[in-house]
C-alpha cells in the first residue's frame, strides 16, 4: 500500500468525518498521581491549543486514596469543561483505567498518556495536523518516536523508527523494514483508531502491571494501514521511585510479568493467525523479547522456584505453539535466555547488563 498524503482516499458517502467530530481522545490513567499529573495535562493542552474543539482528555482516577488526585481531576474538568472529563472508579489497575478511557472515548483516534509522562507540545501539534489530514482515509495506526527522560540523571534517549518505517505516505506491513532491538512499538509510540480497538474487543486485565504489552501486541493483526510521523512526541519519565520498570520492582512483580506473557502467548497461533510475513516476524520477535525478560528477571531474583518458573514459561509456549517455540528457542534471544548452569546464568545476566547500559530502558 502506498498512498500519498496529498491524495487521501475518501470514504463512502455518509461516512465522511463530521466537522465537529472529536479527532482524538487522550486517556490519562491516574493513581495517586497528584504530584505529576498537572504537567501531563498541561502538555496536551499546550500542544492542542488550536484543536481544543476537536480533542478530549479523559482523566481516569483509578481509586486514588493517598493524595488529592480525584480533586485535581475535578478541578481540571471544571476549568476546561467540554475538553476534559474526570472519571472516578474503584481501583482496578492500569489496564482497567485504559479500559475505562476506551469505553468513554468519543474521538476517532485513541492515545494513552500515563500521568507521570507527558507529550512534547510542538510534536503534538504536528500529530494533530497530520491526523486531521489523514482521518478521511480511516487510518488504523499512527506511529511516532518517543523519548526516555531520565530526569534524575539529566539525560534522555530517543527511540526513533526512521529507516524501519516509511515516511510521507500511508503504508501496510509489507513496506515495514527490520526492527532493531530497541525499536519495538511500545504504547508510547502508537495512536490507534478507536473503533479498531473496539472491533477486536480489546480489554486489558485488571489489577495487573505490564498490560501495555498486550495493548501494543494484540491489535496488530487488525492494523492494515499505518502512518509514521518522524517526531519525538511521547516523553517517558524514568526515575520515579517504585516505578514499574525499575529492576527491583520488576523482580517483585515477576508473577505479573509471567501472567502477561502467557496472555500474549494465548492470543494467537502466530503462524496461522498472522498472514503478513513482516508482521509475523515482528510479533515473533516481540514475543521472544517478553520471554527473555521473564527469563532474565527470574535469574536476577532469589526465588527458590526461579529456574522452575523459567522452564515453565518456555514450556507454556511450546505446548501452545510448537512451531513458534522452535523459532524463538533457536534464535539469539532464546539461546541467550536458556544458557545452562551457573556459567550460563552469569552470561545471561552479563548480556542483560550490557544491553541495559546501551539501551537505557530502565
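Just wondering, is there one or more residues in segment 206-213 that are within 25 Å of residue 252 (Cβ to Cβ) and in contact with a strand residue (DSSP E or B) (Cβ under 9 Å, 6 or more places away or on another chain)? It would help to see each step written out before you state the result.
So in segment 206-213, the residues within 25 Å of residue 252 (Cβ to Cβ) come out as 206-213.
Right, trim to in contact with a strand residue (DSSP E or B) (Cβ under 9 Å, 6 or more places away or on another chain) and you get 212.
Yes.
Test residue 197 against the criterion of being under 29 Å from residue 121 (Cβ atoms) and either surrounded by 21 or more Cβ atoms within 10 Å (Cβ to Cβ) or not assigned by TED's automatic domain parsing to the domain that holds residue 288 (or both), and give yes or no. The answer is yes for residue 197. The helices (runs of 4 or more DSSP H) falling completely within segment 248-346 that include 3 or more residues that are modelled with pLDDT under 95 and closer than 25 Å to residue 220 by Cβ map to 277-300, 332-337. Can you work out which of the residues in segment 347-362 that are in a helix (DSSP H, G or I) and within 25 Å of residue 235 (Cβ to Cβ) is modelled with the lowest pLDDT? The selected residue is 358. Of the residues making up segment 139-161, those that are within 16 Å of residue 246 (Cα to Cα) and out of contact with any strand residue (DSSP E or B) (no Cβ under 6 Å at 6 or more places or on another chain) are 151, 152, 153. Take the conditions in contact with a strand residue (DSSP E or B) (Cβ under 9 Å, 6 or more places away or on another chain) and either modelled with pLDDT of 95 or more or not in a helix (DSSP H, G or I) (or both) and apply them to residue 52. Does it pass? No; evaluated as a whole, the condition is false for this residue.
Residue check: residue 184 meets all listed conditions (1) assigned to a loop (DSSP other than H, G, I, E, B); (2) under 16 Å from residue 29 (Cα atoms) but one, namely (2). Every listed requirement among (1) surrounded by 15 or more Cβ atoms within 10 Å (Cβ to Cβ); (2) in contact (Cβ under 8 Å) with a residue 12 or more places away in the chain is met by residue 325 save one, (2).
The values are calculated or read from the model by the stated rules, or taken from the named source; none is laboratory data. The structure presented is a predicted model; accordingly, all values stated were derived computationally and were not measured. Backbone-built Cβ (ideal geometry, glycine too); neighbour counts: all protein chains shown.
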